[in-house]
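The values are calculated or read from the model by the stated rules, or taken from the named source; none is laboratory data. Not measured: the values here are computed from a predicted model. Using ideal geometry, Cβ is built from the backbone for each residue, glycine included, and neighbour counts are taken over all protein chains shown. With ligands, DNA and RNA removed, areas are computed over all heavy atoms of the protein, side chains included. Shrake-Rupley method; radii C 1.70, N 1.55, O 1.52, S 1.80 Å.
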Amino acid sequence: MKRKRRTSTIACLCILSLGLVGFVIHSCKKKSQTTLSDSTALVIGVMPSVDYLPIAVAEQKGFFSQPIKLVHFASPMERDAALQTGAVDASVTDYMGAMLLHSKGTDVLLPIACQGMFRLVLGRSTPLTKISDLRGHHVGLSSNTLIEYATEKTLVEGNHPFPYTRVEVQAIPIRLEMLRSGDLDGAILPEPFASIGVAKGLSAIDLPQGLTSNITGLLFLSKATKKEAALRSFLMGYDKAVDYISTHPRKEWIGVLQGLLGISPEVASTIPLPSYTKATLPRSEDLQPILTWMRGKGLVPTDYNAEGLIRPLIQDN
């Protein structure tokens, strides 16, 4: 019965995803043509993720001196469609997503490294306390994504992968609900979903050191570099927000955190957060392990090397 329920859930997800793709792309094209084409404001796509906290704090505290518009999205699919159609100038994405777009010829640059947070959340159907307990169990992931990469790098013992049953679940909220219902035994989730799971009785453990600590960044369309005044305002406001977060207690900006992530005060007060850094270029060495994995999966051409992806947002003479 559990297997049938799992299959039914996945089938419903596929049908919903197909319908949403067309709707999202149509909506984003319409938005870019009607509301943003003549704007000199910088338009940033944001999602409920801890990577965006400096941007949210900067907006709430008035640290941006030039007009900057934040457009909120509920899913990565919607966010990525908006970026590809030009409905937004930039958005946080993982390095894999950035390289996929770049390898297909999309004119983008990755000028700012961000800080995200991921944890391995364990289900409640059987006693599970450590990574190796997932041997032979059902693990949720989405293929050809950073989550699959992180899962394959995490579920190892003695540098060798151990067997587990892969369950394809693209939507992160549904992945969380399947952990709660017992349809999944484990899944890597980004924050705040991992902490939401913990608040609902699940357990979460940290991933191997460094695996997901430097894997996200702000990806810009190259044409956005023409908005130099807005870009300089954004960089100054971003750095000021990072300073503010590091020098002020959480209680002074917890409301921004709640609003960004849509979480309760209890979760907002306990959710682990990364150590945010001021706007700086991503390190090429952080992209290389992901790129090697992508080549092995055939996701990018074997001769693709991400050359020209990492470059400064503003070229100062």
Checking the structure you have, find out if any residue of the range 224-233 is in contact with a helix residue (DSSP H, G or I) (Cβ under 8 Å, 6 or more places away or on another chain) and over 19 Å from Leu101 (Cβ atoms). yes
Test of understanding: among Leu120, Leu101, Leu70, which residue is within 29 Å of Asp239 (Cα to Cα) and assigned to a strand (DSSP E or B)? Leu70
Flag for Leu100 being of a type in the set (A, V, I, L, M), surrounded by 24 or more Cβ atoms within 10 Å (Cβ to Cβ) and either in contact with a Pro (Cβ under 7 Å, 6 or more places away or on another chain) or over 11 Å from Phe220 (Cα atoms) (or both): no
Single condition Pro127 does not satisfy, out of (1) open to solvent by less than 20 Å² (accessible area, probe 1.4 Å); (2) of a type outside the set (Val, Ile, Thr); (3) part of a loop (DSSP other than H, G, I, E, B); (4) without any contact (Cβ under 8 Å) to a residue 12 or more places away in the chain: (1)
Taking first residues from the range 200-223 that are farther than 29 Å from Met178 by Cβ and touching a residue at least 24 places away in the same chain (Cβ under 8 Å) and second residues anywhere that are part of a strand (DSSP E or B) and aromatic (Phe, Trp, Tyr), the pairs with Cβ under 7 Å that are 6 or more apart or on different chains are none
Considering (1) part of a helix (DSSP H, G or I); (2) surrounded by 21 or more Cβ atoms within 10 Å (Cβ to Cβ); (3) within 13 Å of the chain's Cα centre (by Cα), say which one Ser91 fails and leave the rest. (1)
Among the residues of the range 284-317 satisfying the criterion of being within 22 Å of the chain's Cα centre (by Cα) and charged (D, E, K, R), which is most open to solvent (accessible area, probe 1.4 Å)? Glu285
Could you check the range 151-172 and list, in sequence order, the residues that are among the aliphatic types (A, V, I, L, M), within 18 Å of the chain's Cα centre (by Cα) and surrounded by fewer than 22 Cβ atoms within 10 Å (Cβ to Cβ)? Ala171, Ile172
Does at least one position in the range 250-270 carry a residue that is farther than 24 Å from Leu189 by Cα and over 22 Å from the mean Cα position of the chain (by Cα)? yes
